[in-house]
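First comes the structure, then the notes that go with it.
The values are calculated or read from the model by the stated rules, or taken from the named source; none is laboratory data. For clarity, every value in this text was computed on a predicted model and none was experimentally measured. Because the Cβ atoms are built from the backbone with ideal geometry, glycine has one as well, and the counts that use them run over all protein chains shown.
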Amino acid sequence: MEKPLATVKKATIYDIARKVGTSAATVSRVLSKSGYPVKEELSRKIFETASKMNYSTNMVGRMLKKSESKDIGVIIPTISNPFYPQVVLGIELEARHMGFNILLCNSFRDASTEKKYIESLYQKQIRGLIISSIDENHLFLKEMQENGVRIVVLDQGEQELKCGKVGFNYIQSGLIAVEYLFRMGHRNIAFITSPLTKRSRRETLEGYKLAFLKKNLAIKEENILAAQTEEESYTGTYEFENGRRLTKKFLELRERPTAIFAVNDMTALGIIHELLNNGVRVPEDVSVIGFDNIEVSSMINPPLTTVNQPSFETGRLACKLLLDSMDGREAGDISITLEPTLVERKSVCRKG
């Protein structure tokens, strides 16, 4: 019986770039004969390496040059947090309305996986990219921009990237959450969060602290409970489990706070679960306020008081901004900042 022929992996511009020791963007410019200034020796080495590796440009690349490609990439850090699927739904509906397809990638909160997806999407010659990045090194994104790919970032508002941005007023979110707890009579308030590696989380914490400063109240650093690591799990939801873990530390505080502000709703759900498991009533013993206003936050008992971050609208605006930029109707570096609103339910009660 004859053995099936082995599948030969075609060389990509990334394979050539690694072999030569240069960037994928440089390889692409040389092989496409774009006229971009590259040293003659490097150009010759790239062509020789491409020839030895039997590299040939693909049909997708030719489609892009003819502006026939209808694919845009979307990279999110997780699909387990309901906030991001709603963002993607907004992106997809806007894209479909305009005749575009989305290629969705889940980075699993891992910077190396995110980079691999960026490489893969670039290789597929996408025309645009929407990304909620967890990596603060944006070299690959800059290379994509230099090669004509339009980019819109979510959540983080990276200043060094001149691209479209759809962000949120996280400082104001932290501020209105804590000020609401103040109005309800709470003064000893904890903040529970995922690692402070993302700008959105750091700014939410900044809003939390600002509320105390405006009231001339001391900030107790022991009440700020932040995880040190972040890793997506196949067996559970990271934010939910992180909320549970940090609540165990919360219960060990010498002077237990009467309220908790959670960095997002999934963390808040984990907090409530762990509090109830330990016989702590919500909101009678400890009040809890979340952030996001995901759909499930209104379905639990007690329904979660939270700060609304319009996920669907975030995705829709990001896609519209990207498509307008690709079509030349708008500049590529427009920023949109959405404002928070408080959603009052039953997980916070008046103290005293």
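Points worth noting:
- Restricting attention to region 244-255 and to residues that are free of Cβ contacts under 8 Å to residues at least 60 places away in the same chain and within 22 Å of residue 300 (Cβ to Cβ), the residue that is surrounded by the most Cβ atoms within 10 Å (Cβ to Cβ) turns out to be 247.
- When we screen 307, 282, 286, 263 for residues that are more than 23 Å from the chain's Cα centre (by Cα) and buried (at least 24 other Cβ atoms within 10 Å of the Cβ), the only hit is 286.
- Across region 172-202, the qualifying residues are those that are of a type in the set (Val, Ile, Thr) and within 17 Å of the chain's Cα centre (by Cα), and the one among them that is farthest from residue 317 (Cα to Cα) is 193.
- Any chance residue 151 is among the β-branched types (Val, Ile, Thr), touching a Leu at 6+ places or on another chain (Cβ under 6 Å) and either part of a loop (DSSP other than H, G, I, E, B) or more than 12 Å from residue 76 (Cα to Cα) (or both): yes
- Verdict on residue 346 being among the charged types (D, E, K, R), at pLDDT below 95, in a loop (DSSP other than H, G, I, E, B) and more than 26 Å from the chain's Cα centre (by Cα): no
- Screening residue 347 against (1) within 26 Å of residue 93 (Cβ to Cβ); (2) surrounded by 18 or more Cβ atoms within 10 Å (Cβ to Cβ); (3) of a type in the set (Ser, Thr, Tyr) leaves a single unmet condition, (1).
- Helices (runs of 4 or more DSSP H) lying entirely in region 1-94 (those with 2 or more residues that are touching a helix residue (DSSP H, G or I) at 6+ places or on another chain (Cβ under 6 Å) and modelled with pLDDT of 65 or more): 13-20, 24-31, 40-52
- Matching residues, region 192-243, being buried (at least 18 other Cβ atoms within 10 Å of the Cβ), assigned to a loop (DSSP other than H, G, I, E, B) and small (Gly, Ala, Ser): 194, 227
- Some residue of region 265-282 being assigned to a strand (DSSP E or B), within 21 Å of residue 224 (Cα to Cα) and of a type in the set (A, V, I, L, M): no
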